[in-house]
Structure formats: structure tokens, C-alpha cells
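Shown next, in C-alpha cells, is the structure this report addresses.
The values are calculated or read from the model by the stated rules, or taken from the named source; none is laboratory data. Fair warning: this is a prediction, and the values are worked out from it, not measured in the lab. We place every Cβ from the backbone using ideal geometry, glycine too, and count neighbours over all the protein chains shown.
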Amino acid sequence: MTDRTQHDDIERALAQTLAPYSIELSVQRWTSDQTAIVTVSRHGFEAIYRMAWLPHVTLSELARVDQLDRTHRLLVTGPRISSRTAEALVAADIDYLDYAGNVHLEFLPVLIDVRGRRSPTKEPTHRSTDANLFSARRMQVLFALLSWPDMVEMPVRRIAEAAGTSVGIAQSTLEIMKDSDYLVGKSLRRRDELIDLWSAAFRGALLPKLRLLAFHGSIESWRPLPGDLVSGESAVGMIRQPQTLTIYTEHFDLTVAVRNRWQKSNNPNIEVRQRFWKAPDGAIPLDKQGAFVTSAAPPLLVYADLLTSKEARQAEVARTLRRDHLV
């Protein structure tokens, strides 16, 4: 079977291709070298596909794959899908995606149809996960740089402290950013693109490392303790009666759960997560036009958590934050 590194490269390349369209692709499991069960979602709407990845997408190659399983609708992916093949796929009610950004996805109410894009001059290479800019630890470094852009001018040690990582991870992240032209000299470039990619990767890469506890209960009387920050819908001023609570903390006091009569649950409305970052000395919280509550986590994290919720209501708030340049 194809090794895990190659599958990681494929998943990363597809996620980067879909990020500009605000679409997330999450692999549930690989069923063979070429096929996987995946979830594709956009602003709270999602569909499950059987994804076929082909190095050379032709109808004859696809015919062999298509005989394996018809439980889920097919999504064809690969480095390049020709215009003729794309037309045949659409006619057969098969969605597709290639590295150039040619996409046809249709799951109500979502419809994305982008054609005519040329293949990238350099396709994603199979490299070790050490070079993955969107691994969990490197995402922490990206988070610090995106949240406090002036940090790019600080010593690597300061960046590592703010991100909650080692100096080595911070240094390697900066090197990858330079190689990818996200960092030129001491200037952060293509920030909007990085925000889209970071937010798309958050649920699958970083979030699983941060979860501590999950409860179900009332959040009306809860108040943050010093050092606790809230995210998701409870962090946004425009949502008056949030139904869920996301807490980022360094140390959670279980007496808080007892006092509020929270019960551990597999269907929680309250999540406690590890606060991994430390705001740099002298960082001044931006007012952001009153969009966030006083105890809110940095806007990038709030935005990512809103998208991760899969609720259409929260996704709409996330779109508003981006539209108004509050993230």
C-alpha cells in the first residue's frame, strides 16, 4: 500500500487547492492505495464521497476504480484533469478536483464549478512530514505570526515562546515560509491565503491536540477565570445567546464544572481546550470594532472555531468577520 507520507501529501495538496473556495476536505480513511472515504464541507453543509486519486486521470483508469464500491458518490482527484475528461465526468454526475484548482462540486445548496485553470508549473512533491507547514506544532507558530504580525521581526526564541513550541520548530517553520514566499525578509506576505489555509487545516491537524474535556450543561452563569479565553460563538458580540462554549485555558479547575453542574458528555455544548499560546509582551488587543467580547481568544482562532462548528449560523458569522476584515 502507498505509505502514509504519500497520503499526507495528497491530503495536504487537495486541502490547499480547496482553501480559496472555503471548502474543507477531511479524509475519514483510506480504503486502498487510490481510494478513500472523505467528507467535503462548506459553511456547515457537507457530503461524504468515495474519493479516487489517480496520477493520470483518464476514463479508462477511472473505470477500473469505479467498480470497487458504489456506496458513496464518487469524487475524482489528481494532479491534472483535462477539459475533455472534466466534461465527461460532469455528464456522468461525478464531481472532480485537480491541483490546478479546476473543481466541480455539487451538494445542495453548494455548487462550485471552476474550469480552464492551467496546471501548476510545479506539482506538490512527496516530502517528509517534517516539511509540512501545517503540522500541529508549525500551525502554532503560524498562529502567533498571523495573530501578531510584528513578531516576524523578533528573535526566534520570542516567536517560539509566543507559539508554545521549541526554538527548532519555530526556526524550521520560518524557513519553510521563506521557501514558500510567505516570508520575504522580515515581511509576512499573502496573509489572507495563509489564514484560509490555516483555518482549513485547523480541524484536522491542530484541534485534536488541544481538546481536554467535554461537558453538557448551562453556560448562562459561567464567567471566565483569569487567563481563560473563549472562542467560537461565545466570543462574538453579534451572537446574543450562544448555545455553545469553547474555553481555552492553561489549567482547568474541575470545581468550575461541579459548581455549574456540567456533566461529561459525548454530545457536548461545552469544550475545554489547551491554551497553547502566550501573547507577546506589549501586545495590545485590537478593538476590532467591538466585534469580540472582552475575554475572546485571538480573532484567527475564533474564526477557525466558528467554521469548525459546521453550523450554518456560525459559518455565516465567520463569513461576516472575514468580509469586514476583522480576522
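Restricting attention to the range 229-253, the residues that are farther than 17 Å from residue 311 by Cα and polar (S, T, N, Q) add up to 1.
Here residue 130 clears all of (1) at pLDDT 90 or above; (2) of a type in the set (D, E, K, R); (3) within 26 Å of residue 308 (Cα to Cα) except the condition numbered (1).
Of the residues making up the range 163-190, those that are closer than 23 Å to residue 325 by Cβ and surrounded by 13 or more Cβ atoms within 10 Å (Cβ to Cβ) are 177, 182, 183, 188, 189, 190. Only one of the listed residues (191, 275, 261) is of a type outside the set (Ser, Thr, Tyr), on the phi > 0 side of the Ramachandran plot and at pLDDT 90 or above. That residue is 261. For the range 1-60, filtering for residues that are on the phi > 0 side of the Ramachandran plot and of a type in the set (Val, Ile, Thr) leaves 0.
Of all the listed residues (187, 234, 218), the sole one being of a type in the set (Gly, Ala, Ser) and under 22 Å from residue 162 (Cα atoms) is 187.
Against the condition surrounded by fewer than 20 Cβ atoms within 10 Å (Cβ to Cβ), under 25 Å from the mean Cα position of the chain (by Cα) and closer than 28 Å to residue 312 by Cα, how does residue 15 come out, does it pass? Outline the logic, then answer.
Working: surrounded by fewer than 20 Cβ atoms within 10 Å (Cβ to Cβ): no; under 25 Å from the mean Cα position of the chain (by Cα): yes; closer than 28 Å to residue 312 by Cα: yes.
So residue 15 does not fit the description; no.
When the range 34-49 is filtered for residues that are assigned to a loop (DSSP other than H, G, I, E, B) and within 21 Å of residue 113 (Cβ to Cβ), the ones remaining, listed by number, are 43, 44.
Conditions tested, residue by residue: (1) in a strand (DSSP E or B); (2) touching an Asp or Glu at 6+ places or on another chain (Cβ under 6 Å); (3) buried (at least 17 other Cβ atoms within 10 Å of the Cβ).
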{"site": "32", "(1), (2), (3)": "no, no, no"}
{"site": "51", "(1), (2), (3)": "yes, no, yes"}
{"site": "55", "(1), (2), (3)": "no, no, no"}
{"site": "60", "(1), (2), (3)": "no, no, no"}
{"site": "65", "(1), (2), (3)": "no, no, yes"}
{"site": "75", "(1), (2), (3)": "yes, yes, yes"}
{"site": "84", "(1), (2), (3)": "no, no, no"}
{"site": "87", "(1), (2), (3)": "no, no, no"}
{"site": "100", "(1), (2), (3)": "no, no, yes"}
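Determine whether residue 208 is part of a loop (DSSP other than H, G, I, E, B) and either surrounded by fewer than 16 Cβ atoms within 10 Å (Cβ to Cβ) or of a type in the set (Ser, Thr, Tyr) (or both).
Numbers: part of a loop (DSSP other than H, G, I, E, B): no; either surrounded by fewer than 16 Cβ atoms within 10 Å (Cβ to Cβ) or of a type in the set (Ser, Thr, Tyr) (or both): yes.
The answer is no for residue 208.
Here is a yes/no grid of residues against (1) touching a helix residue (DSSP H, G or I) at 6+ places or on another chain (Cβ under 8 Å); (2) modelled with pLDDT under 90:
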{"position": "17", "(1), (2)": "no, yes"}
{"position": "24", "(1), (2)": "yes, yes"}
{"position": "34", "(1), (2)": "yes, yes"}
{"position": "38", "(1), (2)": "no, no"}
{"position": "50", "(1), (2)": "no, no"}
{"position": "70", "(1), (2)": "no, yes"}
{"position": "75", "(1), (2)": "no, no"}
{"position": "78", "(1), (2)": "no, no"}
{"position": "106", "(1), (2)": "no, no"}
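When the residues of the range 225-237 are filtered to those that are surrounded by fewer than 18 Cβ atoms within 10 Å (Cβ to Cβ) and not aliphatic (A, V, I, L, M), the one that is modelled with the lowest pLDDT is 237. Of the residues making up the range 238-246, at least one is crowded, with 17+ Cβ neighbours inside 10 Å, free of Cβ contacts under 8 Å to residues at least 40 places away in the same chain and within 21 Å of the chain's Cα centre (by Cα).
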